[in-house]
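**Q** Mind looking over this structure? Questions follow.
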Amino acid sequence: MGKVSVSMLSADFSHLARSCNMVNESPAWGFHLDIMDGVFVPNISYGFPVIEAIAKHAKKPLDAHLMVVEPSRYYQRYKDSGIDWLTVHYEACPHLNRDLQEIRRLGMKAGIALNPATPVSLLDQAIYYADLVLIMSVNPGFGGQAFIESSYEKIEQLNRMRNEKHLDFLIQVDGGIQDGNAGKLYKKGADILVAGNYVFKAKDPIAAISAIT
């Protein structure tokens, strides 16, 4: 069906290596790292020491989602910490094209994230500089929220934009992902689904990942 990026925000941080090994052994595509600064979103997650700890154990791509203001201050540090895919928010980057170009220059794949209320049409020009677009299907900042149904329409619009412009960026969806909506999301055009609570609260996390892959 598609790819799954497992959100480590929902992992048991007292057994971080064990959680990383589970993802390594699963059919997941990669590790999704939610970086929050308490300013852009009303929550704080983790910083470079935790990213570097995950990188030591990860055998799959590290896919970082920056929910921070002034993200460009640390692009080089993210690269040095082992990040492969770096996604910044449209809403936090007044010079988005420049940010995406700099992320690529440093050797990472560049992504754009959109809050639920931000329309896809605003990416008409920036999309040429992106390797990935992340559609937030919940309001960013907290895990475990319910899926916002209008996200399906945004995914369809983005997929149509991709086809019309003959581009090959990936469409990622984050928030409220579970086995009941994964199939429909892939059908609408999603390539990568981000799942955290759904995976780590399951009795069998690897089976849960397999169910939405």
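Here, each number is a calculation from the coordinates, and none is a lab measurement. Computed from a predicted model, the values in this text were never measured in an experiment. Cβ atoms come from the backbone with ideal geometry, glycine included; neighbour counts cover every protein chain shown.
**Q** Would you mention how many residues in segment 153-180 are in a loop (DSSP other than H, G, I, E, B) and of a type in the set (A, V, I, L, M, F, W, C)?
**A** If we filter segment 153-180 for residues that are in a loop (DSSP other than H, G, I, E, B), which is where we start, we get 165-169, 175-180.
After this cut, where a residue has to be of a type in the set (A, V, I, L, M, F, W, C) as well, the list is 167, 169, 177.
Matching residues across segment 153-180 total 3.
**Q** Among the residues of segment 200-213 satisfying the criterion of being assigned to a loop (DSSP other than H, G, I, E, B) and not charged (D, E, K, R), which is nearest to Asn24 (Cα to Cα)? Walk me through how you get there before you give the answer.
**A** Residues of segment 200-213 that are assigned to a loop (DSSP other than H, G, I, E, B), as a first pass: 201-204, 212-213.
Now restrict to residues that are not charged (D, E, K, R): 202, 212-213.
Numbers: Ala202: 17, Ile212: 16, Thr213: 14 Å.
Filtering segment 200-213 for residues that are assigned to a loop (DSSP other than H, G, I, E, B) and not charged (D, E, K, R), the one nearest to Asn24 (Cα to Cα) comes out as Thr213.
**Q** Name the residue, out of Leu122, Leu132, Leu100, that is closer than 17 Å to Lys165 by Cβ and more than 17 Å from the chain's Cα centre (by Cα).
**A** Working: Leu132 fails: more than 17 Å from the chain's Cα centre (by Cα); Leu100 fails: more than 17 Å from the chain's Cα centre (by Cα).
None of the other options fit; the residue is Leu122.
**Q** Inspect all residues belonging to segment 137-160 and state whether any of them is touching a helix residue (DSSP H, G or I) at 6+ places or on another chain (Cβ under 8 Å), at positive phi, of a type outside the set (D, E, K, R) and surrounded by fewer than 20 Cβ atoms within 10 Å (Cβ to Cβ).
**A** Yes, segment 137-160 contains at least one residue that is touching a helix residue (DSSP H, G or I) at 6+ places or on another chain (Cβ under 8 Å), at positive phi, of a type outside the set (D, E, K, R) and surrounded by fewer than 20 Cβ atoms within 10 Å (Cβ to Cβ).
**Q** Would a scan of segment 89-106 turn up a residue that is among the aromatic types (Phe, Trp, Tyr), buried (at least 22 other Cβ atoms within 10 Å of the Cβ) and within 23 Å of Ile44 (Cβ to Cβ)?
**A** Narrowing segment 89-106 to residues among the aromatic types (Phe, Trp, Tyr): 90.
From the residues that got through so far, the ones that are buried (at least 22 other Cβ atoms within 10 Å of the Cβ) too are none.
The answer is no; no qualifying residue exists.
**Q** Give segment 186-199 a look and list any residue that's touching a residue at least 40 places away in the same chain (Cβ under 8 Å) and not in a loop (DSSP other than H, G, I, E, B), or say none.
**A** At the first step, the residues of segment 186-199 found to be touching a residue at least 40 places away in the same chain (Cβ under 8 Å) are 186, 190-197, 199.
Passing the criteria: Tyr186, Ile192, Leu193, Val194, Ala195, Asn197, Val199.
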